[in-house]
Amino acid sequence: MGDEQPHGPAASAPYRFAEQHVPPAPVRVSEVAQTTFEHVYEVDPRLMQEHVLQQVFPNWDTLRIMRSRGDHLEWMHRHFADKVITGSQLLAEVEGEPQG
Amino acid sequence: MTTLNAPEDELETWPPTPAPLDAGRMETLLAALRPVLAEDQILTSKADRYNRARVPAPFPIHRWSERVPDLVVLPSSTEQVAQIVRIANDLRIPVVPRDGGTGLTDGAVPLRRGIVVDVKRLNQIHEIDLENRTATVGTGISALKLNERLARHGLFYPDDPASYPCSLVGGRIGTSGWSLIGARYGHTRDLVLSFDHVLPTGAVLHVGDGGGGKISKSSSGYQLKHLFMGHQGTLGIATKATLKLYPKPEAELSPFWSFDDYDDAHACVGALARAGVATFSGAVLFDEHKVAYLRRDDEAYIPQPHDVRALVCAVMYGYEDEVRAGGKRLFRIAREHGARYLGDEISEGDWAARHDRYATPLHGRTKDGQVIPMSWHCEDAAVNYTKVPAVSKAWHEIIADLRRKTDVFDDWGMFAYTSADTGVDYLTEIDVGIWEQRLDADAWAAWVKAKRDIAAVALAHGGSISACHGSCREGEVDLVPEELGRGFEVMLDVKRALDPNNIMNPGKYLLDRAYDEGVTRG
């Protein structure tokens, strides 16, 4: 990749088939799940061998699905209210109050 | 799959579905409809009809062909709906209204075939009255599409089911639906001021407080609005409704807290709901089975530590200063009950996903842990706060009994949602995964028995069979006469008086009994 070509999954990034079909090494996170990309959880492949077989996704499609979910949730927030108040802010304020 | 041995008398108690209309009757029906509807408003293809045979609730796949309507119509006005119903009444052909088709009690399923009236073309916004804060809409519109328009005016129609993007105003009326944020804004019955309603004979009624219109409270005459809500299409078809509007909320807050003990979570949700905070819009209790299910299959919960055994979420809407002040009060209550805040990402993301549960792809597990494709179903009830733990325990035992016999059913845990702003009662629901491809007559009979048992538990604890979905499916419906007592006989009298030929969604709610020989009037 030349210097003029931006890194990462941009529209102008080159598409290399082999790269797209090699996900990051899985990391086990529970008895039934593993993670590949950060925050991308998958059922343990050993549990998808009989009735539902695990499908192979190119990396870009896995990330697209994850980001689409994020987009969808963001849209829902904006649809229902103009802004979201974060609980951590209020928690910090409450924890800073004298307890009596 | 393990073969189930349901008692013979529980295997199939419903009358056989009539045969499809023969060619002669179909031609008579089409000849009557063609002067009323355009060609593209009459659908007869197999795909059009099969796709309107079911709703997302578990479905006896092995009997799909028995639920297929003879034809589908897509009217675009109240007058067209009225003419269709008159024709059906004259020809004695069943009529089944269908709105979003998202209901969970089979209201839109044509048990006796006939004409499905799909109201999706009644999707006009007729009026937005900024001064009186109302919108008048066709019943084929969704709250989502309406709210996109209302947002331009800073307004909001706060009817918020878990099928928010796809359920339609008419279906909400026919079901008398329950809203996630009803503890602040009320439920469908509170938000719909009045509506045009086509009776089973084709007459058109405008129903609401008093003469209807934009009146929110009248003491004139019988209060008929509630009669024509929640009837599951058995008393006619709502076509145009006037709705109450609110300012679009400036701010949203939806904290999620975890507990290492269900009883602590139950105590906390009760305290939150009873606090009387004006912007409190609802609270949800997740039980241990629900947390276990989420830790299996929901990316937000998989990494949660094992001492997280129950969850509570609260949600608030309003002006920012109000929500901040009320929110801090709720955080103090949660702290007093030993709650741990789950963080902004889960709190905000999970709440946003609650508006759209129907879009979730679902799978469950065999008992040895293998993934299987499953459809989701939830059985609901209305239960007082103090009875929620006992009902939850009994319901899990019912599903555990099913699961011991077969992998067709999987317990996905329970939620309890506040219904009112005082915390008096909760919509309790048990989510059950069902492996529909493996359903057969025996498994279906076992499911129907479980539904009956679930309803019986709700009644035994002083609750109601349903807070939201309705109670006209096989199994639960058997207990409706017990629940309503003399009121059920009034239902039969009303049905017979308004639908003398039993053409409006026949086969539902045991209302065929209104036409049994020997039934006395009055």
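Using a probe radius of 1.4 Å on protein heavy atoms only, what is the accessible area buried between chains A and B, both sides summed, to the nearest 100 Å²?
3900 Å²
Using a 1.4 Å probe on protein heavy atoms, which residues of the range B:361-396 have at least 20 Å² less accessible area in the complex than alone?
Relative to the lone chain, where solvent access is computed with a 1.4 Å probe, the range B:361-396 loses at least 20 Å² at B:ARG365, B:GLN370, B:VAL371, B:PRO373.
Taking only protein heavy atoms and a 1.4 Å probe, what accessible area per residue, in Å², does chain A have with all protein chains in place?
Value returned for chain A: 68 Å² of accessible area per residue.
What does the structure give for B:318-324 when I average, per residue, the other chain Cβ atoms found within 10 Å of the residue Cβ?
The per-residue average across the peptide is 2.
Rounded to the nearest 10 degrees, what's the angle between the helix B:388-405 long axis and the longest principal axis of chain B, both from Cα atoms, 0 to 90?
70 degrees
Which residues of the range B:235-277 end up with at least 40 Å² less accessible area in the presence of all protein chains than when their chain stands alone, using a 1.4 Å probe?
Checking the loss per residue gives B:LYS248, B:GLU250, B:GLU252, B:LEU253.
Given a 1.4 Å probe and every protein chain left where it sits, what share in percent of the accessible area of the protein assembly as shown is carbon and sulfur?
C and S atoms contribute 52 percent here.
What trypsin sites (Lys or Arg not before Pro) in the range B:462-522 are in a loop by DSSP, with at most 12 other Cβ atoms within 10 Å of the Cβ?
Passing both the DSSP loop test and the Cβ count: B:ARG521.
Computed FRET efficiency, Cβ-Cβ of B:ASP22 and B:GLU148, R0 51 Å: what is it to the nearest 0.05?
For B:ASP22 and B:GLU148, the calculated efficiency is 0.65.
Based on DSSP H runs of at least 4 residues, each adding -39500 (n - 2.57), what is the mean residue ellipticity at 222 nm of chain A after dividing by all its residues, to the nearest 500 deg cm²/dmol?
After summing the helix terms and dividing by residue count, I get -11000 deg cm²/dmol.
Zone of B:ALA420 (label point 7 Å along Cα→Cβ, backbone N under 16 Å): which residues in the range B:366-383?
Of the residues in the range B:366-383, B:382-383 have backbone N under 16 Å from the label point off B:ALA420.
Determine the alpha carbon to alpha carbon distance for each of B:LYS217/B:LYS244; B:LYS120/B:LYS244; B:LYS405/B:LYS451 and list only those over 18 Å.
The answer is B:LYS120/B:LYS244.
Could you tell me the center-to-center distance, by alpha carbons, between the range B:411-433 and the range A:22-100 in angstrom?
Spelled out, the Cα-based centre of one part sits 24 Å from the other.
For the range B:311-392, which trypsin sites (Lys or Arg not before Pro) are both in a DSSP coil and crowded by at most 11 other Cβ atoms within 10 Å?
Passing sites in the range B:311-392 are B:LYS367.
Lys and Arg at +1, Asp and Glu at -1: add these up for the other residues within a Cβ distance under 11 Å of B:THR366 and post the number.
Once positives and negatives cancel, what remains is 0.
Please express the Cα-Cα pair-distance distribution P(r) of the protein assembly as shown as a list of whole percents, one per 10 Å bin, running from 0 to the bin with the greatest distance.
3, 15, 25, 26, 19, 9, 2, 0, 0
What whole-number value in Å² describes the accessible area per residue of chain B for a 1.4 Å probe?
Roughly 37 Å² per residue, with all protein chains present.
For chain B, rounded, prolate or oblate, judged on the Cα gyration tensor with a ≥ b ≥ c (square roots of eigenvalues), a/c < 1.5 rounded, else prolate if a/b > b/c?
Oblate, because a/c is 1.5 or more while a/b does not exceed b/c.
Once you order the gyration tensor axes a ≥ b ≥ c over the Cα atoms, which shape class does the range B:403-496 get: rounded for a/c under 1.5, otherwise prolate or oblate by comparing a/b with b/c?
oblate
Pairing the Cα long axis of helix B:344-354 with the longest principal axis of chain B, what angle in degrees results, from 0 to 90 and rounded to the nearest 10?
The angle comes out near 10 degrees.
Mind putting together the pair-distance distribution for the range B:301-355? All Cα pairs, 10 Å bins, whole percent per bin, short to long.
Using 10 Å bins, I get a P(r) of 19, 51, 26, 4 for the range B:301-355.
For the residue pair A:TYR15 and A:SER30, what label-to-label distance in nm results when each label sits 7 Å from Cα along the Cα-to-beta-carbon direction?
The two pseudo-label positions are separated by 3.5 nm.
Measure out, as a whole number of angstrom, how far apart the alpha-carbon centroids of the range B:226-290 and the range B:313-347 sit.
What the calculation gives is 15 Å, centre to centre.
Evaluate the charge dipole of the range B:103-204 about its Cα centre and quote only its size in Debye, nearest 20, assuming +1 on the Cβ of each Lys and Arg and -1 on the Cβ of each Asp and Glu.
260 debye
Determine the residues within the range A:25-55 where the difference in accessible area between the chain on its own and the full set of protein chains amounts to at least 40 Å²; count protein heavy atoms only and use a 1.4 Å probe.
A:VAL32, A:TYR41, A:VAL43, A:LEU47, A:HIS51, A:VAL52
Against the longest alpha carbon principal axis of chain B, how many degrees, from 0 to 90 and to the nearest 10, is the axis of helix B:78-91 turned?
That helix lies at roughly 60 degrees to the long axis.
Place the peptides B:403-409, A:38-44 in order of packing, highest mean first, counting for every residue the other Cβ atoms within 10 Å and averaging per peptide.
B:403-409, A:38-44
The values are calculated or read from the model by the stated rules, or taken from the named source; none is laboratory data. Remember, it's a predicted structure, so these values are computed and weren't measured experimentally. Positions of Cβ are generated from backbone atoms using ideal geometry, with glycine treated the same way; all protein chains shown enter the neighbour counts. All accessible areas refer to the heavy atoms of the entire protein, side chains included, with ligands and DNA or RNA removed. Shrake-Rupley method; radii C 1.70, N 1.55, O 1.52, S 1.80 Å.
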